[in-house]
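Following: one structure in structure tokens, then a few remarks.
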Amino acid sequence: GEQTDVASRGGEREEQTFCFDDAAVSLLQSYSRLAAPFGSFSCVRRWKNYWIRGVLSLAMISGFFLIIYMGPVTLILVVMTVQIKCFQEIITIGYRVYHSYELPWFRTLSWYFLICVNYFFYGETVADYFGALVQREEPLQFLARYHRFISFALYLAGFCMFVLSLVKKHYRLQFYMFAWTHVTLLIVVTQSHLVIQNLFEGMIWFIVPISIVICNDIMAYLFGFFFGRTPLIKLSPKKTWEGFIGGFFATVVFGFMLAYLLSQFQYFVCPVAVNSETNGFTVECEPSEIFVMREYTLPAVKTVKLYPFQIHSIFLSAFGSLIGPFGGFFASGFKRAFKIKDFANTIPGHGGIMDRFDCQYLMATFTHVYIGSFIRGPNPSKVLQQLLMLRPDQQLGIFRTLHSQLRERGMLPPPAAQA
Amino acid sequence: MSYKWAVAKEKNILGNADLYLLYEIPVKPKSHMEDGCHPSLFFCVGLQLYLCQKSASHASSVCVCQGSDSELKGEKDVPSDGEAKADSGVPDVPAPADDTPEVLNKALSGLSSRWKNWWVRGILTLAMISFFFLIIYLGPIVLMMIVLIVQIKCFQEIITIGYSVYHSYHLPWFRTLSWYFLLCVNYFFYGETVTDYFFSLVQREEPLRILSKYHRFISFALYLTGFCMFVLSLVKKHYRLQFYMFGWTHVTLLIVVTQSHLIIHNLFEGMIWFIVPISCVICNDIMAYMFGFFFGRTPLIKLSPKKTWEGFIGGLFSTIVFGIMFSYLLAGYRYFVCPVEFNNDSNSFQVDCEPSDLFQLQDYALPAVLESFTGWSTVRLYPFQIHSIALSSFASIVGPFGGFFASGFKRAFKIKDFANTIPGHGGIMDRFDCQYLMATFVNVYIASFIRGPNPSKVIQQLLALRIDQQLHIFNSLKTHLTEKGLLPALEEAAAA
């Protein structure tokens, strides 16, 4: 069984949830967890567990508001901290599964790969958004120009170290851990960088998706608690169809209202830009069209004033409620596959950081792809940068094309005036 | 909870293998358990286990192991270090049958088997090199198709190994899902390539335009569908296996598919960027082998006992010389040197252009040492030949690590070759294991040191901007070009 499995592997976790004897434990392990009514197990520790969960939930939500208040720099730092913690949790599970503490080099190599991939991604971000700053400083300019090459060289060094570290009796284990590290990097690190890119697009693109996932979690839980009857999927026996559908509608409404609330403030709506003079982040701009109220005509011949962003928020909420839970099921399947109850024990009552963030990652990727496809065009300063790097004849060709395009649209004064 | 194990040995149905039946008898009887068998039985203390089921006739669960090794611990609490010992206990995959074609068999029937093996290898090597020249002659489209075929075959080989390691043929959906993910990732990459290089063609056709505008979204939606299918396909007793195969598939995709697309990007840069790296790796392979054969004495690395330091260093120098001479040969022809472009009018690929600076002969002053040696004061080289030294060095020094990685992988899973596709050589993956690292290096090298951004991609992004942004960039560009003195000619032409 789960609890005793942990116990046999060193048993470092105390029993938090259960305070029953073995017979009751095996009963709980069956798939009728949902039917376990409250009244039968009148155990004081169970209510204590709920209090802890509730208090920690409120604490986490308050922490969320606090870091939003503190601004983009803090947010980036927090994202990075969360990423490192998630990576550590997953890698630790991998180690436990393979009892591979005695393998040479491996923990060093995993952390090294984490640093390499982060260097690559942060370098790309810095080069994009801090272009002016980078051009001024000579060493930064060099690093930026050869950034890909340097990142690749660093990664290769790690790869060669891995090959040199292969030990005769542990080949398979070492390959498993190599693959485990890379899949973890793929999931955790790339998606945390998508979160940061969403953030730079405007803090609302960071806050609304995360709030949607949190709301869906809580609402699906509450609906399941009060109305839950039909189980949803064998993987997570606690989930019910009633919770799923109730959470869906509640989240759409919540997202709609939250989008309305936040769209009014420039602080949330403006892209995060770097101010060249103060070398700090500024969030001031002319709000783009999707944050300007418009009138929409409903079929019932009534007009409503909405922000276009609220329409987008409906799509985000729909995704967060319908597809987001699959990230949670994936993590549940993962935990069942490796017979662990939680990823780690960081947050009392909730488990590890990864437990809280498993649904967020899919959401962050979706938001990024959504922005890239439907909202944002390319970054103008980046395009200009690339333009200036081309050969002169290529630049002339582009100049001519652009000239004729703009002339057609009537943006340029007529040729006679130019001469 | 602790278990007591009892072992019974029987013969399987065909009578050609031993079956070890492990009976898990719990110390405290339980009415039901989630999984009868402990998950570490998946490695079954050194044998290959792939089946855990409740036996109708026994009160507890029966785990069936099949193997020919008698290294089995009878009674253990939790055989958790069966996994750590998995390496030593896994039986070898049986040696592949000799399927050399009949023709070769007849021709070589007079020779002893060792020489026959050499001849087979030699003939196949020559055949592969000739094939390489043939497809270069046939042009870019054929090359792209060959790269795609090689990629699919490599993917299939690695996935098949994964299956044979985990005996997971009976898992539902999994082969379908692996191929589906391959399709998704290829769709994503080919879509990006097509959008970059065939921009005007794409703009003309309406369905293609929509597909390219929302390309990332469509690819992501396709991938998500596969992800959700995976989650829905998780079967109660096989969670761990399924997650392993999911991880295996994704790592394979990361290695094989992304790098084959980097090869295609290199190809579009100019066929010389495709031919020279591959030739350097092949040359290094052959030269290191020859040097090792004639002079080899000091072993290089425990992973590959056949490699020697003499072969390594000899291969390095000969590959550099080969790279310099080969690039001299190829840099003179436009067919190899020009970027592959798509001609809108004829709807085909063309390789015609004004060769860039890299492929124009220049005079270099020799250092004094070489000057006294050869009596020349300057030497005429293509700048590309200098770059080829960097490429050859990488192929000889770091490229072999790709080969060591593949050797370690084969040893880890106790297989001799990836597959049996090429007689005498093994599978396609065996031939291409060093190429992948090389392809990535060349791509990064080009992006960092040679090429600027792709002009058609820049136009594409430019036209996607808002009008006021376009105007702003137009004005900046105008100032820039005026400063460089390129603009007055344009304005005269426009006014005329």
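Residues in the stretch B:271-288: is at least one open to solvent by less than 40 Å² (accessible area, probe 1.4 Å), at pLDDT 85 or above and assigned to a loop (DSSP other than H, G, I, E, B)?
Yes, the stretch B:271-288 has at least one match.
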The stretch B:334-366, subset open to solvent by 70 Å² or more (accessible area, probe 1.4 Å) and in a helix (DSSP H, G or I), residue farthest from B:Asp285 (Cα to Cα): B:Asp357
When you look at B:Leu222, is it in contact with a strand residue (DSSP E or B) (Cβ under 9 Å, 6 or more places away or on another chain), within 14 Å of another protein chain (Cβ to nearest Cβ) and under 30 Å from B:Thr176 (Cβ atoms), yes or no? no
Determine whether the stretch A:344-358 contains at least one residue that is modelled with pLDDT of 85 or more and either over 28 Å from A:Thr81 (Cα atoms) or not aliphatic (A, V, I, L, M) (or both). no
Residue pairs qualifying under the 7 Å Cβ cut-off, at least six apart or on distinct chains, with the first in the stretch B:241-267 being facing chain A (nearest Cβ under 9 Å) and the second being polar (S, T, N, Q) and open to solvent by less than 10 Å² (accessible area, probe 1.4 Å), are B:Leu241/B:Ser168
Restricting attention to helices (runs of 4 or more DSSP H) lying wholly within the stretch A:123-185, give those where 3 or more residues are open to solvent by 30 Å² or more (accessible area, probe 1.4 Å) and more than 9 Å from chain B (Cβ to nearest Cβ). A:131-136, A:138-145, A:147-164
Taking the conditions exactly as written (of a type outside the set (Val, Ile, Thr) and within 23 Å of the chain's Cα centre (by Cα)), does B:Gln259 satisfy them or not? yes
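This table checks each residue for (1) at pLDDT 75 or above; (2) under 28 Å from B:Ile141 (Cβ atoms); (3) among the polar types (S, T, N, Q).
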| position | (1), (2), (3) |
| --- | --- |
| B:Phe359 | yes, yes, no |
| B:Leu366 | no, no, no |
| B:Val379 | yes, no, no |
| B:Gln385 | yes, no, yes |
| B:Ala390 | yes, no, no |
| B:Ser393 | yes, no, yes |
| B:Ala406 | yes, no, no |
| B:Lys410 | yes, no, no |
| B:Met429 | no, yes, no |
Among the residues of the stretch B:310-333, count how many are surrounded by 20 or more Cβ atoms within 10 Å (Cβ to Cβ) and over 14 Å from B:Ile286 (Cβ atoms). 4
Quick one: what pairs do we get from the stretch A:214-231, first residue of a type in the set (Val, Ile, Thr), second open to solvent by 50 Å² or more (accessible area, probe 1.4 Å) and modelled with pLDDT of 85 or more, C-beta under 8 Å, 6+ apart or different chains? A:Thr230/A:Trp241; A:Thr230/A:Glu242
Any residue in the stretch A:366-385 that is at pLDDT 75 or above, open to solvent by 40 Å² or more (accessible area, probe 1.4 Å) and aliphatic (A, V, I, L, M)? yes
How many residues does the stretch B:293-348 contain that are aliphatic (A, V, I, L, M) and within 14 Å of chain A (Cβ to nearest Cβ)? 3
Looking at the stretch A:301-319, is at least one residue of a type in the set (D, E, K, R) and within 14 Å of another protein chain (Cβ to nearest Cβ)? no
Report yes if B:Thr298 is in contact (Cβ under 8 Å) with a residue 12 or more places away in the chain, crowded, with 21+ Cβ neighbours inside 10 Å and not basic (Lys, Arg), otherwise no. no
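The values are calculated or read from the model by the stated rules, or taken from the named source; none is laboratory data. A quick note: this is a predicted structure, and the numbers were derived from the prediction, not measured. Here Cβ is always computed from backbone atoms with ideal geometry, including for glycine, and neighbour counts include all displayed protein chains. Only protein heavy atoms, including side chains, enter the accessible area calculation; ligands, DNA and RNA are left aside. Shrake-Rupley method; radii C 1.70, N 1.55, O 1.52, S 1.80 Å.
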